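Okay, so here's the structure we're looking at.
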Amino acid sequence: MARKKRGLEEINAGSMADIAFLLLIFFLVTTTMDVDSGLLRKLPPPLDPEAPKPPPIKERNVFAVLVNRNDQLLVEGEIGNLKTLRAKAIEFVTNPYNKANLSAKKPAQDIELIGMYEVSKGVVSLQNDRGTSYDMYIMVQNELVAAYREVRDDLSMQTFGKKYGTLNKAQAKAVRQAIPMMISEAEPRNISS
Amino acid sequence: MSKFQRKSKGGTPAISTASLPDIVFMLLFFFMVTTVMREVSLKVVVSQPKATEVKKLEKKSLVSYIYIGPPIIGLAAAYGTEPRIQLNDAFATVSDLGEFIIAEREARNEKEVPFMTTSLKVDKTVKMGIVTDVKQELRELNALKINYSTKKGTDITAQ
């Protein structure tokens, strides 16, 4: 009788904290908090050899950026600089004074939420050498993407009063329609042989 | 005389540590949930370049990774220091990319295939030649959404 009354003894839970600490430290050490981030780009679809050649783009509508194997820039035929690249690209895309040597504009078209807007015909053409360093390539890409982002920010500030990144889906789509990101990467070839 | 005599009478009582395990468990669960185990063991050194216009990669289940960089120090003796491509757990060449992309596609739902992204994790010292080859191959394979993996950096025009 006396034995039965005692029943099972309770397990000491005092060391639970230690076990939990051990596990905690394991996860603390193995965890990596880095979120994957990067420049999202889209590659052009593969060339169809039978497709008719697209009509050539007028010279004034092309913003040519060349990077050679010494990581030097040639922007529109002149030796360029990473620090001025963004400003030059913005000037080319927006062409505020309608200069004859910068991008032309399509006739004004009606874009939802924005209204009549002259979409730029400009294309940024980026060409690099096989010997260009990846670091330089990313910096140039980044500047070009930043240029378009700034142009989009400007337009969305004017029309919606807030930055492009904070617009809702319909507004963002309208801005994208008004300012399409036209960064084309030429077929690779050796620039400086 | 009792053996356990109080030394200081009327001092502040000890804080109960009974809830310590609960707090620790809470932290533990947090780390267990947020932790991401490394899927592949890297055989190449990837020191990512910096950029400002970065976007977060969403839907990680739809991302396949291509690593390009010089082999890690332990493997440099066997493989040299020329940049190499790593797919999954092994070194590969550009011609292996087709198989890799098709295997990645087959592992996903058919509907999700158009949303698949290829993340290029490339060391910043790598020359563009090898990257261009990979990009051309991806174009041929119609894997057009790519992401140049970069770290968030500071604006170079603001310096």
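Just so you know, all these numbers are worked out from the coordinates, no wet-lab data involved. For clarity, every value in this text was computed on a predicted model and none was experimentally measured. Quick reminder, even Gly has a Cβ in these numbers, built from the backbone with ideal geometry, and neighbours come from all protein chains shown.
Using a Cα-Cα cut-off of under 20 Å, which lysines could be cross-linked to A:Lys58, ignoring same-chain neighbours fewer than 8 residues away?
The qualifying lysines are A:Lys88, A:Lys99, A:Lys105, A:Lys106, A:Lys121.
Taking amide H positions as placed in the peptide plane 1.01 Å from N, state which residues far from A:Leu167 in sequence (5 or more) or on other chains have amide H under 5 Å from it.
For A:Leu167, whose amide H was placed from the backbone, there are no distant partners under 5 Å.
Given H placed 1.01 Å from N in the peptide plane, which residues other than close sequence neighbours of A:Thr132 have an amide H under 5 Å from its amide H?
Here B:Met128, B:Gly129 satisfy the definition.
Extent of the protein assembly as shown along each principal axis, from alpha carbon coordinates, in Å, largest to smallest?
Projected onto the principal axes, the Cα atoms of the protein assembly as shown cover 104, 56, 43 Å.
Mind checking the angle between helix A:134-160 and chain A's longest principal axis? C-alpha axes, 0 to 90 degrees, to the nearest 10.
80
What order, most packed first, do the peptides A:56-63, B:45-52, A:76-83 have when packing is the mean number of other Cβ atoms within 10 Å of each residue? Intermediate values should be presented prior to the final figure.
Values: A:56-63: 14.6, B:45-52: 19.4, A:76-83: 12.1.
The most tightly packed comes first, giving B:45-52, A:56-63, A:76-83.
Evaluate peptide B:51-61: per residue, the Cβ atoms of other protein chains within 10 Å of its Cβ; return the mean as an integer. Spell out each step's value before the answer.
On the way: counts 10, 7, 13, 8, 6, 5, 5, 2, 0, 2, 0.
Neighbouring Cβ atoms belonging to other protein chains average 5 per residue here.
In what sequence, highest mean first, do B:131-138, A:45-52 appear when ranked by Cβ atoms within 10 angstrom? Display every interim value, and only then the final one.
Numbers: B:131-138: 19.5, A:45-52: 7.9.
Going by the mean number of other Cβ atoms within 10 Å, highest first, we get B:131-138, A:45-52.
For the residue pair A:Glu9 and B:Asn109, what label-to-label distance in nm results when each label sits 7 Å from Cα along the Cα-to-beta-carbon direction?
The answer from the label model is 5.5 nm.
Can you list which of the DSSP-assigned H helices in chain B have a Cα extent of 24 Å or more along the long axis and an average Kyte-Doolittle score of at least 0.0?
Details: long enough: none.
Correct list, ordered by number: empty.
Tell me, what is the Rg over Rh of the range B:63-152, with Rh the Kirkwood radius over Cα pairs? List each step's numbers first, then the result.
Details: Rg = 13.5 Å, Rh = 13.8 Å.
Rg/Rh for the range B:63-152 comes to 0.98.
Given just the C-alpha atoms of chain A, how large is their convex hull per residue in cubic angstrom? All intermediate terms of the calculation are to be shown ahead of the outcome.
Working: hull volume 57.3 nm³, N = 193.
Value for chain A: 297 Å³ per residue.
Using packing as a proxy for protection, rank A:8-21, A:109-122 so that the peptide with the highest average count of other Cβ atoms within 10 Å comes first. Don't jump to the answer; show the numbers that get you there.
Values: A:8-21: 11.4, A:109-122: 14.9.
Most protected by this proxy first, the peptides run A:109-122, A:8-21.
Treating the angle as unsigned and between 0 and 90°, give the value, to the nearest 10°, between the Cα long axis of helix A:169-178 and the longest Cα principal axis of chain A.
With rounding to tens, the tilt is 30 degrees.
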